[in-house]
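The values are calculated or read from the model by the stated rules, or taken from the named source; none is laboratory data. Source: prediction; values computed, not measured. All Cβ positions, glycine included, derive from the backbone under ideal geometry; neighbour counts span all protein chains shown.
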Amino acid sequence: MSSQTVYLIANGDLRESANRKCEPAQTAMEAQIVAAVEREGWTVRRGHAFNEIKGHGFIDSQKYGMEVFRTIPADVPLIVAEAVWQYSHHILPGLLSHEGPILTVANWSGTWPGLVGMLNLNGSLTKAGVKYSTLWSENFEDDFFTKGLHRWLKKGSVEHDTSHVRRFKKGMADDDAVEIGKRFAKGLRRQKAIMGVFDEGCMGMYNAIIPDELLHETGVFKERMSQSTLYAKMGTVGGDDARKVYDWLREKGMQFRLGDDEENDLTEAQVLAQCRMYIAAVRLADEFGCAAIGIQYQQGLKDLTPASDLVEGLLNNTERPPVFHEKTGLELFAGEALPHFNEVDECAGLDGLVTNGLWRELGYPPENTLHDLRWGRHYVGGGVDEYVWVFLISGAAPAAHFIDGYAGASSERQPSMYFRLGGGTLKGISKPGWIVWSRVYVEDGKLKFDTGLGKVVELPPEETEERWRLTTSQWPIMHAVLPGISRDQMMARHKANHIQVVYAPDEASARRGLFAKAAAMRELGLECFVCGGV
């Protein structure tokens, strides 16, 4: 074997249907990567074979990932190529002990979330303390990629421009905003709060689990519950109560795209099951005193009941169908959102909990959500000449974020390849306005926090539809511009697949809220950084 040999592996989903569906995109990308490496005079050896029985060539379990790494020399250069969503824990054990240089690579495409998968893996490696480099490309022939690949093959590392990042420090913000944030944080730490966790570790997201000892320093504590508890609670919800939730949504103008085929359409029975889950989730949160909850929703629960996406969006909205205590008849969390962190991303959960409380103290609309940092491209037209990101998530987006609220929202069936039992989303187009974006993450054994300003723009219907077609059309979408941050700077710095967003009344309010939140997070013990043009 030549000393100039690179090993390549492809991590994938746990779900065989998703791996088979996405295999052609992965194969095409790998061919481009191999060609690029060979142009540098190196050869590529794939670390595992295509499985004829399964119909794909992905590492699809932690067990198989360990088997693969037993056959890969510990000191060779290793490329992790991702054109799809991947479960980081499949390969994390092998990467933890790998001694050679590691390069994560994704194709710049929104069709299958390879970029999202790579960002999740990067965040997981960052949390684990594993050294790695990362690259991305549309065609693997551009200067950015070819120069980065050349350096990695020669030096074993790639460096990116992160000059848009500044440590949050005294004198950067108005004293008033800082004092509000500090006062809020001190109150949270003194009074404490409970984060309800319905099973940890969704889809291998190691980066989304906050170690208890780090979380406790903020005054927040986990209440660990099983998704089976949620499923059992659904069985106690009466059909009339579920119907009232459904009727409430339709009266608000929300559209449900229903059909008769249970295997491929959204049906009324699926929606009513989601309404029972919504009621059950609120009642359990009240029972255990949770200030925020997260439902794993992918594995286990998806085999028992329709998806939780509609539920998550309702929970994150202050205006939502009323839920009453089973015995007292009192309305639970009346006039309040119950922050939900999609896919049990505890970093987003801490962020959402803080944002909800702090924004209420500031007098701003408190609805907030995470999105996938899915994809993007430059857009020119209608007064817009910006790089516009596609922020997209299957659940958790509240109707308050949408143009026309519930009247501008619809519910469409989750794709069958992911959800055999269906269930609808809460789909809408995010309204124009100023937002504060952020991310809590773990690095060097510490909780850290990045934040910046963002601007949501309105694009023509045809451009929005095209972006939906190129990503996932059933999911809510946000057209986001991040001032002072280039595409490659954002990718180089961001330590997660998810990004948290919340609206502010105007640009000045967003700036004030950003600094108040940074001050609150710093008071809670996080290292804070401000990114981009603020």
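Of the numbered conditions (1) assigned to a loop (DSSP other than H, G, I, E, B); (2) in contact (Cβ under 8 Å) with a residue 60 or more places away in the chain, Tyr406 fails exactly one; give the number of that condition.
For Tyr406, the failing item is (1).
Of the residues Thr229, Thr218, which single one is closer than 26 Å to Phe184 by Cβ, in contact (Cβ under 8 Å) with a residue 40 or more places away in the chain and not assigned by TED's automatic domain parsing to the domain that holds Ser124?
Within the list Thr229, Thr218, the selection yields Thr218.
Condition test on Arg283, is it within 22 Å of Arg360 (Cβ to Cβ) and basic (Lys, Arg)?
No; evaluated as a whole, the condition is false for this residue.
One residue is enough: does the stretch 66-76 have a residue meeting the conditions of a type in the set (Val, Ile, Thr) and under 27 Å from the mean Cα position of the chain (by Cα)?
Within the stretch 66-76, not a single residue is of a type in the set (Val, Ile, Thr) and under 27 Å from the mean Cα position of the chain (by Cα).
Which one of Glu67, Glu30, Glu16 is of a type in the set (D, E, K, R), closer than 16 Å to Met118 by Cα, in the same structural domain as Tyr132 (by TED's automatic domain parsing) and without any contact (Cβ under 8 Å) to a residue 60 or more places away in the chain?
Every option except Glu30 fails the conditions.
If I filter the stretch 1-39 down to residues being touching a His at 6+ places or on another chain (Cβ under 6 Å) and among the charged types (D, E, K, R), which single residue comes out as surrounded by the fewest Cβ atoms within 10 Å (Cβ to Cβ)?
Across the stretch 1-39, the extreme among qualifying residues is Arg20.
Answer with yes or no whether Ser163 is modelled with pLDDT of 95 or more and either under 30 Å from Asp13 (Cβ atoms) or buried (at least 20 other Cβ atoms within 10 Å of the Cβ) (or both).
In short, no.
Looking at Gly349, Gly313, can you tell me which residue is assigned to a helix (DSSP H, G or I) and under 14 Å from Cys290 (Cβ atoms)?
Every option except Gly349 fails the conditions.
In the stretch 43-59, which residues are part of a loop (DSSP other than H, G, I, E, B) and either in contact with a Leu (Cβ under 6 Å, 6 or more places away or on another chain) or on the phi > 0 side of the Ramachandran plot (or both)? Before you say what the answer is, go through the steps one by one.
Filtering the stretch 43-59 down to residues part of a loop (DSSP other than H, G, I, E, B) leaves 47-50, 52-55, 57-58.
Result: Gly55, single match.
Of the conditions (1) within 23 Å of Asp240 (Cα to Cα); (2) modelled with pLDDT under 95, Gly335 clears all except one; give me its number.
(2)
Per-residue answers, yes or no, for (1) of a type in the set (Lys, Arg); (2) over 16 Å from the mean Cα position of the chain (by Cα):
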| position | (1), (2) |
| --- | --- |
| Ser394 | no, no |
| Pro398 | no, no |
| Ile403 | no, yes |
| Ala407 | no, yes |
| Arg413 | yes, yes |
| Ser430 | no, yes |
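Can you find even one residue in the stretch 103-120 that is more than 17 Å from Asn497 (Cβ to Cβ), surrounded by 23 or more Cβ atoms within 10 Å (Cβ to Cβ) and not small (Gly, Ala, Ser)? Lay out the reasoning, then the answer.
Narrowing the stretch 103-120 to residues more than 17 Å from Asn497 (Cβ to Cβ): 103.
Right, trim to surrounded by 23 or more Cβ atoms within 10 Å (Cβ to Cβ) and you get 103.
From what is left, the residues that are not small (Gly, Ala, Ser) are 103.
Yes - at least one qualifying residue is present in the stretch 103-120.
Being more than 21 Å from the chain's Cα centre (by Cα) and basic (Lys, Arg) is the filter here, so list the residues in the stretch 480-534 that pass it.
If the condition is that a residue be more than 21 Å from the chain's Cα centre (by Cα) and basic (Lys, Arg), then Arg511, Arg512, Arg522 are the ones that fit.
Give the number of residues within the stretch 1-25 that are closer than 25 Å to Gly204 by Cα and either touching a helix residue (DSSP H, G or I) at 6+ places or on another chain (Cβ under 8 Å) or assigned to a loop (DSSP other than H, G, I, E, B) (or both).
Qualifying residue count for the region: 9.
Quick one: which residue in Glu312, Glu287 is under 22 Å from Arg224 (Cβ atoms) and either outside the structural domain of Pro365 (by TED's automatic domain parsing) or free of Cβ contacts under 8 Å to residues at least 12 places away in the same chain (or both)?
Values: Glu312 fails: either outside the structural domain of Pro365 (by TED's automatic domain parsing) or free of Cβ contacts under 8 Å to residues at least 12 places away in the same chain (or both).
Residue meeting the stated conditions: Glu287.
Mind checking which residues of the stretch 127-144 are closer than 12 Å to Ile79 by Cβ and of a type outside the set (A, V, I, L, M)? So that I can check it myself, show each step before the final result.
Going through the stretch 127-144, the residues closer than 12 Å to Ile79 by Cβ turn out to be 132-135, 140.
Once the filter is applied, which keeps residues that are closer than 12 Å to Ile79 by Cβ and of a type outside the set (A, V, I, L, M), the stretch 127-144 yields Tyr132, Ser133, Thr134, Phe140.
Is the stretch 356-372 home to any residue that is in contact with a helix residue (DSSP H, G or I) (Cβ under 7 Å, 6 or more places away or on another chain), in the same structural domain as Gly187 (by TED's automatic domain parsing), surrounded by fewer than 17 Cβ atoms within 10 Å (Cβ to Cβ) and part of a helix (DSSP H, G or I)?
Scanning the stretch 356-372 turns up at least one residue that is in contact with a helix residue (DSSP H, G or I) (Cβ under 7 Å, 6 or more places away or on another chain), in the same structural domain as Gly187 (by TED's automatic domain parsing), surrounded by fewer than 17 Cβ atoms within 10 Å (Cβ to Cβ) and part of a helix (DSSP H, G or I).
All but one of (1) surrounded by fewer than 24 Cβ atoms within 10 Å (Cβ to Cβ); (2) within 24 Å of Arg512 (Cβ to Cβ); (3) not hydrophobic (A, V, I, L, M, F, W, C) hold for Tyr387, so report the exception by its number.
In the conditions (1) surrounded by fewer than 24 Cβ atoms within 10 Å (Cβ to Cβ); (2) within 24 Å of Arg512 (Cβ to Cβ); (3) not hydrophobic (A, V, I, L, M, F, W, C), Tyr387 misses (2) alone.
Give the stretch 60-77 a look and list any residue that's hydroxyl-bearing (Ser, Thr, Tyr) and not in a helix (DSSP H, G or I), or say none. Working first, answer last.
Taking the stretch 60-77 as the starting set, the residues that turn out to be hydroxyl-bearing (Ser, Thr, Tyr) are 61, 64, 71.
Ser61, Thr71 - these are the residues of the stretch 60-77 that are hydroxyl-bearing (Ser, Thr, Tyr) and not in a helix (DSSP H, G or I).
Could you pull out the residue among Ala516, Ala496 that is in contact (Cβ under 8 Å) with a residue 12 or more places away in the chain, more than 30 Å from Asp142 (Cα to Cα), of a type outside the set (S, T, N, Q) and surrounded by 24 or more Cβ atoms within 10 Å (Cβ to Cβ)?
Ala516
Give the residue, chosen from Ala281, Ala291, Ala334, that is within 26 Å of Lys192 (Cα to Cα) and touching a strand residue (DSSP E or B) at 6+ places or on another chain (Cβ under 6 Å).
Going through Ala281, Ala291, Ala334 in turn, the sole match is Ala291.
Quick one: in the stretch 249-279, of everything that is among the polar types (S, T, N, Q) and more than 13 Å from Ala307 (Cα to Cα), which residue is modelled with the highest pLDDT?
Gln255
What pairs come up if the first residue lies in the stretch 457-469 and is without any contact (Cβ under 8 Å) to a residue 24 or more places away in the chain, the second is among the β-branched types (Val, Ile, Thr) and crowded, with 18+ Cβ neighbours inside 10 Å, and their beta carbons are under 7 Å apart, counting only those six or more places apart or on different chains?
Trp468/Ile477
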